[in-house]
Structures are given as C-alpha cells and as structure tokens.
Amino acid sequence: MQDFFDFSRQQLQGLCSERFSVPILHADTLFREAYKAFLSHPWQASQLPKKLQETMSVEFSTEAVRADQERLSRYDHSVKFLAKLGDGELVETVLMPERGRVTVCISSQVGCAQACTFCYTGRMGLKRNLSAGEIVGQVMMANSWIRQHPGWLSKLGYPEGTLITNVVFMGMGEPLDNVENVSRSLDILNDPLGLNLSLRRISVSTAGHLDGIKEILRLQPKVTLALSLHASTERERSQLMPINRKWPITEVLAFLKKQYAGTKKSILIQYTVIHGVNDSLEHAARLVELLRGLPIKLNLIPLNDVEPTRFTAPDPARLEAFRDFVHQNQVRVMIRYSKGQDIGAACGQLVVQ
C-alpha cells in the first residue's frame, strides 16, 4: 500500500493524468477531502470517478502513522503520542497548547545519529529516516486527536474547531540529516488546498548541520530555522555535541550572518542550560559575543531530567542571572520551560525504549 500523505498535490496531479487517466482537478478534490474534510479515505468522495475510487482503495492508505499510546500531562495539558509506523517502528510526537497557539512537535527520524551527550534520543542511535508521509502523518494524527477530544479545546479556552497552528521539527532525529523528506513534507503542509500552514509558523531545528542548513534554505527560504547551540566555545560544544567536530559553530554562524544580512527574518537559538557546564556569567558573556550581529531570538532551556546522566538542571537564581546578563546586552532572550515534563515529552526526553 502507498501512503497517501507521502504525495504532494502536484504528484497526485501527475498520477491522475498519467496513471489514472482522469482530469488533474481530481487531485485538488483528493487533497481537500484528506486535509480539510479529514476523510480517512479521501478517494471515496462522491464527486470522484468510480474507477479512481476503486483503484485508490486498493493501492492507497492513510494509516502509515497511528497513535499506539498517548499520555496527557496533568500540569500543562500537553499530549505525548507514541506513534507506530507501518513497519512497526515507533516515534514520539507531542501536542502542546501555548498562548493561543496549538503546536505539534514532530519527529523526522527513528532515533538520531548525532549523539548529543545530554539528549536521551541520541542514546538510541539512528535506525532510519522518516518519509515525507510519515512526517505529515504525525500532524494529521495530532489533528485527528484534537477533533476527537473537543473537551481538550474547551478546557483550554480555544474556540471550537481549532486545529494545529504551528509545527516544530524538534522531536526525534536531526531534521537536516533527512533534508529531502523534510522539505517535501513542508510542501505538503504548506499547500493552500491542504492544511495551509504558513512556513513562518514552521520551525526546523538543527544541531548545526551546515550542509543541511544550506540545502533547506535553498529549498525552503521562508521556513524558520532553529539552531541548537548549547555552548559558547568550540571546545565545550564539541564535548557536548559531536557534530561540532565536523561543522564548527563559528563556521555555521558565519554562514548564517551572511545569509540573513539585510533580511527581516530571525533565527531561533536554543541553549540548554546545564548546571556547572554552561551556566556561568562567563559563559553568558561569551555567548553574547558569539551571537553578535545575528538577528536572533534566544531561548534558554533549563535541562530536563534524563536518567541516568551526569548532568543536572541549573540553579534558578543562576539561570535568571544568566538571562538578565544576556538581556542587558541587547539580546532578545527568554527562559523557556519545556512542556510535558511529567510525561517525558520535554526537550531531550524523547526516546523509544
């Protein structure tokens, strides 16, 4: 069976014309029925030719990603899904309500090859990339859950019918190790006849994959880039993040400064604050210098519990002093406390055991 969500509207148009010998306008119908009407079998729409209905019923499926387990946070109403893929592999997806938005954090790989020392997912190693359809399928799975649980929306004060407004590629995996399928999924998510999610509302995170950064900005220049930094020197970053040995952060930032010069776009910088590792005012001063000249928004993320580990969360007063120092040096900064900490859904906690 072919995964329906793996096909862009343009690819469906090609299938309609070249394989099914029907007008390409039927591709638009298929897209609307799947992404706007949420039909689980969009090819069964009554306005489609009978032959097309019969052929696609045999050859296509929308069930390549299914919620195998779900956990609801008692504290912030986040929902963590253990999503089962067609081959039995599992990834994690997190639905997060926040300040009038509904954000879904999605995975791009089964596991991750980057082996960041403070991240639980990195301990899994990499099993495989997700297809574009498996990436899109996570968004559709989360939207379906919202539609099936209207009480979740009402409890949070959201209007009836609210669906996902923002997508972040910050789940399992390094998205730019899978740049082709990530880019294809962006085309599908952004399609106006589909979910019509603005690329400005989609953030693609990276540990500093310079080749991937160049490629995703070439393919998707409007997407928001999120750089996981976590250190202010090459030596410290290489100890925390092995990817830095291949693409030193100074080279990555030099490229970004050139790329974003003269634009109104900003880069999201994520800095996990770890007690005794990168949380001193000296670290803060070096961070300010490292980021000087870049249009950024800086998120300071206190380390979330990952067992077993030698790392611990920063002292709250020390974290606030770090934030205040950076802010006083004209850097847009905020402390971001991760959602879903009580259900193992926070940054660095995603892992399939």
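The values are calculated or read from the model by the stated rules, or taken from the named source; none is laboratory data. Computed from a prediction, not measured in an experiment: that's the story for all the values here. In this analysis, Cβ positions are derived from the backbone assuming ideal geometry, glycine residues included, and neighbour counts consider all displayed protein chains.
Couple of notes before you dig in:
- Positions within the stretch 41-79 being in contact with a Phe, Trp or Tyr (Cβ under 6 Å, 6 or more places away or on another chain) and aromatic (F, W, Y), in sequence order: F60
- Test: residue in the stretch 36-50 that is in a helix (DSSP H, G or I) and touching a residue at least 40 places away in the same chain (Cβ under 8 Å): no
- Taken as a whole, the stretch 8-24 holds no residue that is surrounded by 15 or more Cβ atoms within 10 Å (Cβ to Cβ), touching a residue at least 60 places away in the same chain (Cβ under 8 Å), touching a Ser or Thr at 6+ places or on another chain (Cβ under 6 Å) and assigned to a helix (DSSP H, G or I).
- Pair list, Cβ under 7 Å, 6 or more apart: the stretch 125-138 residue modelled with pLDDT of 95 or more, other residue among the β-branched types (V, I, T) and in a helix (DSSP H, G or I): A132/I188; I135/V182; V136/I188
- Any chance V94 is touching a Cys at 6+ places or on another chain (Cβ under 7 Å), crowded, with 16+ Cβ neighbours inside 10 Å and either at pLDDT below 95 or in the same structural domain as S198 (by TED's automatic domain parsing) (or both): yes
- Taken together, the criteria place G157 among residues that are surrounded by fewer than 24 Cβ atoms within 10 Å (Cβ to Cβ), assigned by TED's automatic domain parsing to the domain that holds C105 and of a type outside the set (V, I, T).
- Residues of the stretch 114-159 satisfying the condition of being of a type in the set (D, E, K, R) and within 16 Å of the chain's Cα centre (by Cα): E134
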